[in-house]
């Protein structure tokens with residue numbers, strides 16, 4: 001996922017990440033990049049388990065226009081501090097002692113809304129490629145591609161369905177491995 | 001913010017009528033000229049009020065203000081110590097902190113400035129303490145300043161979770177801590193979370 005500069009954004013944040021989720025829908029563990037208003041850019045980790053705890057870690061960001069590999073892993077041999085572990089470019093960012101059993105892998109981007117621009121602008125978009133999940137965890141697993149999620153975040157931080165992802169790369173070449181963060185208001 | 005009350009030793013009001021002939025009558029002493037001239041008294045008042053307000057803004061606030069705050073060192077005053085409830089809240093996340101009285105090469109004021117430099121303009125620091133921080137990157141612990149901060153615009157979780165989540169809004173957050181290496185002054189990371197004890 002490339003880091004991109006902030007585009008039009010005045011409400012909350014813009015970013016992209018990969019995550020694994022639990023069957024309840026309220027459990028997730030994710031890692032990616034984010035930019036809040038005021039040019040507050042971070043590499044971030046988020047863990048959510050309403051039954052026990054939830055938090056966000058913010059670390060120094062990678063350079064704009066760099067391509068970063070984000071990874072989140074689940075180790076069923078818990079409890080340890082590494083039930084979940086988050087990595088960016090191979091660096092271990094954080095680990096969680098809390099646990100739930102994931103059953104989904106997703107990659108996602110959240111942008112402003114459909115009336116404004118995608119992060120980075122038309123000629124400097126953000127996106128993701130080589131989205132893969134390995135299950136079951138540990139040895140013996142095999143990689144398979146995942147499907148990027150479609151979503152935008154609108155005013156009031158409500159979730160509004162919209163095509164924040166599109167499987168288009170190279171400005172129009174269709175493939176199934178690269179995804180750009182598109183806003184439906186922007187032509188391509 | 002309330003208007004600061006100041007005292008300059010100059011009468012607050014000037015009611016007597018005076019005639020000042022600066023070109024010819026230099027019979028008054030210079031000090032009387034300074035203290036009794038309405039124009040100069042007014043100028044002194046304006047200057048005093050301006051200086052007092054500038055002092056309040058620069059010394060009495062720990063907040064980052066202005067568009068350049070993120071990249072500038074800031075003058076900060078000591079902030080209160082971390083509360084037990086706050087330390088407990090931080091320890092419910094993926095990091096662990098234990099307060100310590102060890103000597104720190106980096107001052108609290110410098111650490112607060114380093115923390116605020118990571119936040120949007122208008123953010124503030126509300127408490128600080130020297131701790132041993134243990135996290136994934138420092139499993140053996142690192143001496144760090146823990147700065148309780150309040151981001152401009154409030155606390156926010158980074159994500160609202162997966163599509164279709166039963167929870168249709170981002171999970172709540174009500175605290176943030178920024179860690180600054182107490183030996184080098186480098187900002188290490190921040191953690192935001194939620195605690196019913198705060």
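Coordinate-derived values only; no laboratory data. All values reported here derive from a predicted model rather than from experimental measurement. Please note: Cβ atoms are built from the backbone with ideal geometry, for glycine as well, and neighbour counts cover all protein chains shown.
Observations, loosely collected:
- Modelled label positions at residue B:196 and residue B:85, each set 7 Å beyond Cα in the direction of Cβ, lie 1.4 nm from each other.
- Projected onto its three principal axes, the C-alpha set of segment A:16-73 covers 35, 23, 14 Å, listed from the longest axis down.
- By the count of other C-beta atoms within 10 Å, a proxy for reagent exposure, B:92, A:96, B:159 are ordered fewest to most as B:92, B:159, A:96.
- Whole-angstrom Cα spans of segment B:69-193 along principal axes, big to small: 50, 33, 24
- Sites residue A:39 and residue B:184, calculated FRET efficiency, Cβ-Cβ separation with R0 25 Å, nearest 0.05: 0.55
- Applying 1/(1 + (r/R0)^6) with R0 = 22 Å to the Cβ-Cβ distance of residue A:52 and residue A:92 gives a FRET efficiency near 0.55.
- Distance between the 7 Å Cα→Cβ label points at residue B:98 and residue A:60: 2.8 nm.
- Per-residue average of Cβ from other chains inside 10 Å of A:19-25: 3
- Sorted ascending by nearby beta carbons within 10 Å, beginning with the fewest, A:27, A:51 become A:51, A:27.
- Between residue B:107 and residue A:24, the C-beta separation translates, for a Förster distance of 56 Å, into a calculated FRET efficiency of about 0.75.
- Legend: mean number of C-beta atoms from other chains within 10 angstrom of residue C-beta atoms, peptide A:49-62, equals 6.
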